[in-house]
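One structure is given below, encoded as structure tokens.
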Amino acid sequence: AMSDDEEEEEEDEGVSDKYDSDEEDEDEDDGKNTEGRRRRPYSESMARAGEEVDVLISARLFVRNLPYTVTEQELEEYFGRFGDIADVHIPLDSVKKGKGFAFVTFLVGEHAAKAMENLDRQIFQGRLLHVLPARKAAAQEDEGAGEGGDA
């Protein structure tokens, strides 16, 4: 009986040593790497939650860093994978060239939120897209510019 007990004790010690050393290593890693990394996405995702509410209501996205040559049709096809598009608007400069951004409005807010989630930071025609909720001010300005809004 004695020898059994002794063996068991040894095994236990071996196991606990292993776990202890592993845990220490992991803790050190967490301290160094993830604190810096984890905190930022957390606050971003908190902000995102607020943004998504806006998008669910407005269904309107602001898309940045587009090629100047992009057409509204190309954007409609690209974003249309996530739902029906109500409107794509590429503001043009005086020479009728795009300014590298556009507004994409979905019929359904959830589709807009899904498109934003999936297409933000994707490569589109060789460029890194930024997809953000369109701010309400921009929407009002556009309507004020007599684009056949409610008036």
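Below are the figures for this structure:
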| item | result |
| --- | --- |
| Highest to lowest packing among 76-83, 112-119, scored as the average C-beta count within 10 Å | 112-119, 76-83 |
| Sites T69 and R121, calculated FRET efficiency, Cβ-Cβ separation with R0 22 Å, nearest 0.05 | 0.55 |
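Just so you know, all these numbers are worked out from the coordinates, no wet-lab data involved. Bear in mind that the values here come from a model prediction, so they are computed numbers and not experimental data. A quick note on method: Cβ atoms are made from the backbone with ideal geometry, for glycine too, and the neighbour counts reach across all protein chains shown.
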